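I have placed the structure first, in the form of C-alpha cells, so that the comments after it can refer back to it.
The values are calculated or read from the model by the stated rules, or taken from the named source; none is laboratory data. What you see is a predicted model; the values in this text were computed from it and never measured. A quick note on method: Cβ atoms are made from the backbone with ideal geometry, for glycine too, and the neighbour counts reach across all protein chains shown. Heads up: the accessible areas ignore ligands, DNA and RNA and are worked out on the full protein's heavy atoms, side chains in. Shrake-Rupley method; radii C 1.70, N 1.55, O 1.52, S 1.80 Å.
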Amino acid sequence: MPAVLGFEGSANKIGVGVVRDGAVLANPRRTYVTPPGTGFLPGDTARHHRAVILDLLQEALTEAGLTSQDIDCIAYTKGPGMGAPLVSVAVVARTVAQLWNKPLLGVNHCIGHIEMGRLITGATSPTVLYVSGGNTQVIAYSEHRYRIFGETIDIAVGNCLDRFARVLKISNDPSPGYNIEQMAKRGKKLVELPYTVKGMDVSFSGILSFIEDVAQRMLATGECTPEDLCFSLQETVFAMLVEITERAMAHCGSQEALIVGGVGCNLRLQEMMETMCQERGARLFATDERFCIDNGAMIAQAGWEMFQAGHRTPLSDSGITQRYRTDEVEVTWRD
C-alpha cells in the first residue's frame, strides 16, 4: 500500500497532500492573498510559499498519522505554472526526497487535476473541461495521452475573471472568482459582451478588453451595476466553455463530462454544464473547492498512479518548466 506525498505550488496556492491507495489522508493548503485591485507577483508568491511549506509538510504528516518512514515516494509539480513559486516548491521536494532517501516524481499540474477528479468522482473515461487561472482546455483520453481537443488561444478563463475583478476592485479573499460568483447571483441585467469561439478554441482577451473599456462608464451612467457585469461575464464565458465541451463530447461519443481546475467549483458553471449533459443523456462529474482548487493531494494522486506504473524522476531531470502541455505526458497507467 504505497503512500505518496505531493507538493503543489504552481501559483498562489501552496499545498502538501498525502494519498495512499485512493484515500486522501491529508490535504492542508495555504493561499497567498493580495489587496483588492492587485494580482500576485512571482517573487512575492515564492516568498510566501517558502515561509509556510515546512509547516504544511509537518501538518500533512500529522493529519495523515504517518512519519517519513511511511512515505514511499515524493511527488511535486514540475509545471506548468509561475517560475519562482514552482522552483521554491521543487527545491523542498528534492531536498526531502534526498533526506528521506525516497524516489522523486515530477508531475504535470494539469494531469494532477484530472487524476484527482477521476479519483474523487469515479468518472471512468470522461471528456474533461479543465478551467483555472492559468489553463483552459477541453481534454479526452486516447492511446496513452490526454488529448487536447480545444483550448484558449490567449488567456485562461480564470485569468480573465481575476483581471476583471481588479477592474471593479473586488476582494481577492478567499478568491476573486468566488466573489464574482456571489455578486453574479444578484445581477439582473445581461450586458451583451463579445462571444468568441473559433472552432474548438476560445478567446477571452477581447471580452476582457471590452469590459475594461466600458465598465467604469456604464457604472458611472447607471446603465448597469457591478453585479450585472459579474453576471454577464459569467454567463458569456461559461456558455463558450459549454459549447466547446459539448462539441468534443459529440466527437468522442462521450457520455461523461468532468470539470476540473479552480474555476470548476463555480456552481453556475456546473449548473450550465449539467443542463447540457442532461440534454445529451450524459452525466456530469464535478468536485468541490477542496479538490478543484490547486492542492497537494492531486499531485500526490497523479504521483501515486505514476509510481505504480514504474515512473521515477532522476535528480538530474528534477527541474521545473513553466510550459508543460497536458498532451506531452505519456499516460502509461491507463489502458
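At a glance:
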read-out	value
Rounded accessible area per residue of region 126-256, 1.4 Å, Å²	42
Neighbourhood charge, 14 Å Cβ-Cβ cut-off, centred on I71 and excluding it, Lys, Arg +1 and Asp, Glu -1	-2
Other-chain or far-sequence residues with amide H under 5 Å of L25's (modelled H)	V18, V19, R20
Counted charge near L269, where neighbours are those whose Cβ lies closer than 11 Å (Asp, Glu -1; Lys, Arg +1)	-3
Residue-by-residue Karplus 3J(HN,Hα) for region 202-209, coefficients 6.51, -1.76, 1.60, Hz, glycine and proline x	10, 9, 10, 5, x, 4, 5, 4
Region 1-84: radius of gyration over Cα atoms, expressed as a fraction of 2.2 N^0.38 Å	1.17
Cut-off under 5 Å, modelled amide H: who pairs with V128 long-range	I139, A140, L258
Of A300, L229, I320, farthest towards positive along the dipole that unit charges on Lys, Arg, Asp, Glu beta carbons give the chain	I320
Surface share of carbon and sulfur [accessible, 1.4 angstrom probe, percent] for the chain	49
Whole-angstrom gap from region 243-270 to region 101-138, using each part's C-alpha centre	14
Residue of G187, G65, G262 that the Gaussian network model of the chain assigns the largest fluctuation, springs spanning Cα pairs under 10 Å	G65
Whole-Å semi-axes of the ellipsoid equivalent to region 201-335 (Cα gyration tensor, √5λ, descending)	35, 21, 14
Unit charges on C-beta of K, R, D, E only; dipole of the chain, Debye	460
Net charge contributed by nearby residues that have their C-beta within less than 12 Å of L104 (K/R +1, D/E -1)	+2
Ratio of the Cα radius of gyration of the chain to 2.2 N^0.38 Å, where N counts its residues	0.99
Centre separation in Å (Cα based) which lies between region 53-79 and region 167-228	39
Gaussian network model of the chain, Cα within-10 Å springs - most flexible of H311, H251, H113	H251
Of all DSSP beta bridges in the chain, antiparallel share, percent nearest 5	60
Assigned charges on the beta-carbon of Lys, Arg, Asp, Glu; region 186-286 dipole about Cα centre (debye)	100
Cα centre as origin, Lys/Arg/Asp/Glu Cβ charges: region 59-199 dipole, Debye	540
Rg/Rh for region 7-158, where both radii come from Cα atoms and Rh is the Kirkwood radius	0.97
Other-chain or far-sequence residues with amide H under 5 Å of G150's (modelled H)	V138
Selection from F204, Q216, Q182 lying farthest towards where the dipole of region 146-235 points positive, charges on Cβ	Q182
Most mobile listed residue (E271, E151, E115) in the chain, GNM with C-alpha springs under 10 Å	E271
Table column - 3J(HN,Hα) (Hz), region 174-183, Karplus curve with 6.51, -1.76, 1.60, x for Gly and Pro	x, 6, x, x, 5, 5, 4, 4, 5, 5
